[in-house]
Every structure is written in structure tokens, then in C-alpha cells.
Amino acid sequence: MLNKGEQQFCEIISIYRLFCVAKFLEKQKAIILRKKGASISKIARELGVSKGSVSIWCRSIHLTKRQEENIRLKMIRAGHAGRMKGAYIQRLGRIERMRRFALEGRSMVGDVSKRDLLMLGIGLYISEGGKRDSRAVISNSDFKVHKLAMRWFESMGVKNEDFSGHINLNERYRRSDLAIKKEWSKLLRVELSRIKKTVFIKTPHKKKYAKRGSYRGVFQLRVAKSANLQYKILGLMDAVM
């Protein structure tokens, strides 16, 4: 009969043998996977062992050119997927920051008074308005700017039916002319018939847009029979400049 020390030694030997058998089986699995063209990293992940161990076990195995090319392509795809995931996370973060600052902005601004609107409109016309025209005109590519301008004009007595305009559009979007007109008409709530003939620009169009179909050209908003309004606006501008 074995004493306690001898029993413990036998248990250690048994555990060691089991460990060796497990490692042998892992090595054989690694070799099989490698012969099938699996990468060292993939084998290590599947078996839960280090890449160093897999590399040693499989160092005598030579992959075919096709297997090497498959591994290379998988690495490229994995890298691309990682970059896409990173870009998506960044985009979500950017959207969340924009949402947070938009709420903060509304809180800071509060209700816009008549005087606030008056001063906003003057600043807008200084920046985007037609100073040499015989009528009130504002040009911009952002429909929100035009909605603010229309609100300002309406505060000075202009009616919706007095609004008209035309679009300056890059030549490459000629086929989308009608669709873009309809979009401006919907966004600004101006009848399509009051959006006149488009002016096509032939200069190179270099700006890239995040969303396909988001290009709308530059809309020139006009106010009908607005000579006196134009003189009034020029007077307001003169008062603040």
C-alpha cells in the first residue's frame, strides 16, 4: 500500500499525463486546421492557446499560394470591417454630441422676440442678401436659412404668395432638375409654379455629400414687388453697420 507522499506523487503524474494528452490533442487539431489553410491567429482563437504555441506546432506546414492569398484577403476584410465599425461608433458619438448641443442651444436662446428676429434677419441679409437688386433677394443652399428669411420677411408684411425663386444647379445634376425643384417647393412651402427656370452652372462640382441625393443647388429666394421692402432693408442695414 502506498503512503500519503507516494499517493500525491502518483496524482501529480496522472495530472501531468492528462495535461500532455490535452496538449497533444490541441497540437493535432492545430495541424489539421493549418493544413486546411487557417491562419495562426484563427487557430489560436479557436483552441484558446497562444499564437506562439500554434506557430511552433505548425512551423513545418507550408501553405499553398491559394491558402496564403485567402488568409491575406480575410485580413483585409477584417481590417475593413474594423474600420467600418470604428467609423460607425464615431458617427453615433457625433450625432449624440450634435443632439446634446442642439438642446443646449435651444435652452440658451430661449424664445426669439420680435427684436431678436429683426436683428437676425438684418444679419442674414448682410451676409446672403442682394444689396444691388431692385427687390428683396436672398441666396443660400440651406433650406433652414431660407425658412428663417421667410419668417423675417413675413414679420414685415410679406405674404407666402409673394415668394418665388429659382435654383442655381451644377450642370451634372441637370437630369435631377425637376426632382430638386419639387424638394425645394416642399421644404419652403412655395408653389412649384413659382420656382422659375433653373440656371445651370458648368464649373466643376467638388463638394461631397454624406447622403446621396442631398445636393439641392443654391436657391435664390425672391419677394415680388418688393422695391420698397428692399429700401427698408437697406436702411436697417445702414442703421447697424
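The values are calculated or read from the model by the stated rules, or taken from the named source; none is laboratory data. All values reported here derive from a predicted model rather than from experimental measurement. Here the Cβ is made from the backbone with ideal geometry for all residues, glycine too, and neighbour counts use every protein chain on show.
Checked against (1) surrounded by fewer than 17 Cβ atoms within 10 Å (Cβ to Cβ); (2) among the aromatic types (Phe, Trp, Tyr); (3) in contact (Cβ under 8 Å) with a residue 12 or more places away in the chain, residue 231 meets all criteria but (3).
Is it true that some residue in the stretch 157-172 is surrounded by fewer than 10 Cβ atoms within 10 Å (Cβ to Cβ) and under 24 Å from residue 133 (Cα atoms)? Yes, there is a match, as at least one residue in the stretch 157-172 is surrounded by fewer than 10 Cβ atoms within 10 Å (Cβ to Cβ) and under 24 Å from residue 133 (Cα atoms). Residue 31 satisfies every condition listed in (1) under 40 Å from the mean Cα position of the chain (by Cα); (2) modelled with pLDDT under 80 except (1).
Scanning for something within 21 Å of residue 118 (Cα to Cα), part of a helix (DSSP H, G or I) and in contact with a Phe, Trp or Tyr (Cβ under 6 Å, 6 or more places away or on another chain), does the stretch 222-241 turn up at least one residue? Yes, the conditions are met somewhere in the stretch 222-241. The residues in the stretch 63-105 that are farther than 24 Å from residue 32 by Cβ and either of a type outside the set (D, E, K, R) or in contact (Cβ under 8 Å) with a residue 40 or more places away in the chain (or both) can be counted, and the count is 19. Of the helices (runs of 4 or more DSSP H) contained entirely in the stretch 46-150, those carrying at least 2 residues that are more than 30 Å from residue 30 (Cβ to Cβ) and under 27 Å from the mean Cα position of the chain (by Cα) fall at 65-109.
Do we find a residue being farther than 23 Å from residue 112 by Cα, touching a His at 6+ places or on another chain (Cβ under 9 Å) and surrounded by fewer than 12 Cβ atoms within 10 Å (Cβ to Cβ) anywhere in the stretch 175-188? No, the stretch 175-188 has no match at all. Taking the criterion of being exposed (fewer than 12 other Cβ atoms within 10 Å of the Cβ) and modelled with pLDDT of 90 or more, the residues of the stretch 194-228 that qualify are 197, 225, 228.
Determine if the stretch 158-170 includes at least one residue that is closer than 23 Å to residue 115 by Cα and without any contact (Cβ under 8 Å) to a residue 24 or more places away in the chain. There is at least one residue in the stretch 158-170 that is closer than 23 Å to residue 115 by Cα and without any contact (Cβ under 8 Å) to a residue 24 or more places away in the chain. Hey, does the stretch 37-57 have a residue that's modelled with pLDDT under 80 and acidic (Asp, Glu)? So far as the stretch 37-57 goes, no, none of its residues is modelled with pLDDT under 80 and acidic (Asp, Glu).
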